[in-house]
1. Which of A:Cys372, B:Cys145 has the fewest other C-beta atoms within 10 Å, and how do the rest follow up to the most?
2. In nm, what does the list of distances from A:Asn376 to its counterparts in the other copies look like, shortest first, when each label sits 7 Å along Cα to Cβ?
3. Residue by residue through A:251-264, how many Cβ atoms from other chains fall within 10 Å of the Cβ on average?
4. Using the alpha carbons of the stretch A:159-279, what is the convex hull volume per residue in cubic angstrom, as a whole number?
5. Which one, A:Ala172, A:Thr190, A:Cys145, is farthest towards the positive end of the dipole of the stretch A:124-190 when Lys and Arg carry +1 and Asp and Glu -1 on their Cβ?
6. Would you mind listing the distances between the B:Arg17 label point and the same position in each other copy? Use 7 Å along Cα-to-C-beta, nm, one decimal, shortest first.
7. Can you tally the net charge around A:Gly97? Count Lys and Arg as +1, Asp and Glu as -1, for every other residue whose Cβ sits under 10 Å from the Cβ of A:Gly97.
8. With a 10 Å Cβ neighbour count serving as the proxy for reagent exposure, in which order, fewest first, do B:Trp385, B:Trp137, A:Trp228 appear?
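Read-outs throughout are calculated quantities, based only on the coordinates presented, and are distinct from any laboratory measurement. Since we're looking at a predicted model, the values are computed, not measured. Cβ coordinates were reconstructed from backbone atoms using ideal geometry, including for glycine residues, and neighbour counts include every protein chain displayed.
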There are 2 protein chains.
Amino acid sequence: MVNEAMFAYGSERSAIREIFAYATARKAEIGEDRVFDFSLGNPSVPAPPAVRDAIVRALEEVPSTQLHGYTPAPGLPEVRSALADSLNRRFATTYSGDDLFLTAGAAASMAMTIRALTSPGDEVMVITPYFPEYRVWIEAAGATCVEVPSKEMSFRLSVGNVQQAITERTAAIIVNSPNNPTGRVYRRETLVRLANVLREANAHREQPIYVISDEPYREISYGQEVSWIPSIYPHTVVCYSYSKALSLAGERIGWVLVPNTLPDAQRVRSSVAGAARALGFVCAPALFQRVVAACADEPADIEAYRQNRDLLCGALGDVGYTFAEPEGAFYLWVRALEPDAQAFCDRARELELLPVPSDSFGVSGWVRVGYCVDTNTIRASLPAWCELARMYRSL
Amino acid sequence: MVNEAMFAYGSERSAIREIFAYATARKAEIGEDRVFDFSLGNPSVPAPPAVRDAIVRALEEVPSTQLHGYTPAPGLPEVRSALADSLNRRFATTYSGDDLFLTAGAAASMAMTIRALTSPGDEVMVITPYFPEYRVWIEAAGATCVEVPSKEMSFRLSVGNVQQAITERTAAIIVNSPNNPTGRVYRRETLVRLANVLREANAHREQPIYVISDEPYREISYGQEVSWIPSIYPHTVVCYSYSKALSLAGERIGWVLVPNTLPDAQRVRSSVAGAARALGFVCAPALFQRVVAACADEPADIEAYRQNRDLLCGALGDVGYTFAEPEGAFYLWVRALEPDAQAFCDRARELELLPVPSDSFGVSGWVRVGYCVDTNTIRASLPAWCELARMYRSL
């Protein structure tokens with residue numbers, strides 16, 4: 001009657017959404033400021049004023065039929081050009097607008113790129129823990145999601161584990177740095193080693209293994225360099241989004257970059273364009289194409305996230321929690337105080353603390369604390385985190 | 001290296017886009033007003049002022065993190081509610097916000113619905129001539145596109161032909177009224193007969209045949225009633241878009257309605273939600289969710305289209321062209337003056353007339369003239385249409 005796989009995707013419990021729904025109900029019950037909802041990755045920082053200015057200017061300057069009409073499928077030429085120029089200034093590259101395909105956000109970019117680069121039966125490697133939707137997009141393309149563990153406890157990229165997981169069916173590896181959920185930023189030297197391993201594997205294969213670099217958190221790094229992977233490994237396609245950088249998560253605007261340095265770029269671009277068609281994308285939202293062109297060089301406001309991170313890490317460190325030191329993004333990856341992350345979250349919930357158990361990210365025993373919330377919420381939650389640790393010590 | 005099917009979709013010649021690209025180049029060469037580009041379906045009427053007002057009001061009234069942040073996957077509850085209320089006022093229905101899933105436009109609605117309602121190997125019927133992307137979405141879902149001819153010359157729905165094309169693999173039929181490319185609006189009595197034929201077929205099957213009603217042109221009807229199909233046949237899912245009604249084609253905003261009158265609606269809704277996930281949709285663009293809620297009862301401004309239609313039909317009728325009388329949408333479906341539509345278009349091009357040959361719509365010997373252009377363009381093109389007819393008469 002209906003497609004069973006789609007039904008399963010639509011009806012399976014999403015841990016993150018369920019916690020968010022519980023938080024909303026619980027806030028109505030006992031008050032906004034007494035519930036500590038760390039479930040979502042919705043930016044808590046407003047979009048920069050330049051976004052509003054760009055919208056107002058576009059409404060004033062561009063005739064309605066041009067402003068709100070269809071754009072070419074890959075986006076407005078002048079927007080793609082402006083964004084390519086911005087990349088060239090930052091990464092000393094020589095991209096043109098042709099290298100960019102504007103999309104309806106990172107999810108669109110990723111779904112299109114995975115669909116473009118894999119055939120049914122192929123394997124796509126993901127590094128655990130990983131963003132749960134990767135599996136959905138990989139499986140929807142008819143490919144297999146191969147989980148490759150990161151390094152134990154540090155959650156850094158293990159190039160050795162990647163090397164061991166490569167098979168003749170490997171089509172691509174998804175790299176996500178700054179990482180959701182661990183907050184890790186992969187070091188340049190690690191990425192160079194990864195590139196060498198992939199190059200070595202490619203020497204024995206007809207087709208190269210692609211790196212799909214998922215970079216929605218690129219601008220949210222607390223000092224660590226976020227390396228530009230196409231300059232390290234040529235078979236890299238970059239998926240970007242303005243959701244976090246400009247706090248535009250709901251507006252669905254981002255891009256896929258098939259760099260002019262990628263061998264056979266034209267073929268890959270056609271496949272990305274074809275995947276956009278097949279998946280039902282027509283063009284990226286037109287007004288926001290102009291907005292991101294106007295705001296391409298707008299710095300992301302990450303100070304609130306940094307402050308939240310420092311507060312949370314300081315307090316949780318003081319009472320003995322173990323966590324991965326977050327170098328980017330806005331998630332703290334904390335070890336649960338018992339082996340069962342769900343049981344730990346149940347206990348945390350008694351204190352109105354709502355992190356996400358690690359199981360849906362492909363590992364057990366940890367929780368993700370999304371600290372893209374008001375700093376007052378962080379501050380108000382600290383006694384509960386202490387109390388939770390105390391409860392476990394007294395067990 | 002890349003997915004062959006996606007590569008093919010991305011690299012195949014799109015007749016419509018190619019003509020549009022030619023028109024753009026030709027205009028640069030000989031002047032805007034001397035090229036008569038009838039290729040696209042981009043609205044030529046500005047969005048109503050209420051759209052601009054709604055954007056400005058949202059910027060003033062809604063805090064940035066709420067305005068531009070993620071919405072729930074099916075859309076903001078208050079928006080879905082407002083849109084359901086609007087439908088209820090128009091169609092004497094009792095829908096709630098739960099029946100609606102907001103999408104990134106009609107293409108998203110259709111791709112999601114086809115994915116949700118079919119399994120690989122199923123058949124989906126389309127009525128020729130038909131919008132070419134139907135085939136892409138059907139095949140991308142692993143299903144087979146079954147072409148069912150409309151009535152010869154009149155291009156009305158042939159219920160007999162539908163009946164003959166039903167097999168045990170038929171999962172759905174796509175109904176598109178007002179129709180692209182023929183401008184036909186299906187009569188209520190025809191739809192009632194279609195419903196009877198489907199009901200009869202369903203009696204011998206485990207699963208019902210779904211009607212997928214693709215309604216981007218619902219508001220563009222020149223007097224003919226556009227029947228509300230869920231009130232005629234219960235197994236109907238409606239795909240809608242504000243692209244044409246509010247001239248917002250580039251903003252990508254629409255919805256899927258799984259009506260509360262559809263048996264097993266909850267299961268279908270879950271599948272639609274799952275398809276949205278699998279295809280890479282996260283939520284419909286947030287700002288424009290609020291815009292369409294504010295403009296739900298805004299009447300579509302179709303007077304310019306009506307004027308264009310009357311001008312074009314009058315002049316083409318006078319010199320002996322045969323065409324389907326357009327009852328809705330903004331396309332004129334004209335019989336080519338020789339059997340080969342492409343050859344006819346080549347000759348038309350010599351006079352700077354740029355219609356689209358019918359072959360990509362699944363029939364031969366006709367052309368589509370998109371009259372969603374400036375009325376001056378229509379007027380200025382009339383001598384060329386006459387000259388073209390004269391050329392053929394003198395052959």
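1. Final ranking by Cβ density, sparse to dense: B:Cys145, A:Cys372.
2. Inter-copy label distances (nm, one decimal, shortest first): 5.7.
3. Mean partner-chain Cβ count within 10 Å for A:251-264: 2.
4. 127 Å³
5. Working it through, the farthest residue towards the positive pole turns out to be A:Thr190.
6. Relative to the other copies, B:Arg17 has label-point distances of 3.1 nm.
7. Around A:Gly97, the surrounding residues sum to -3.
8. Ordered by Cβ neighbours within 10 Å, fewest first: A:Trp228, B:Trp385, B:Trp137.
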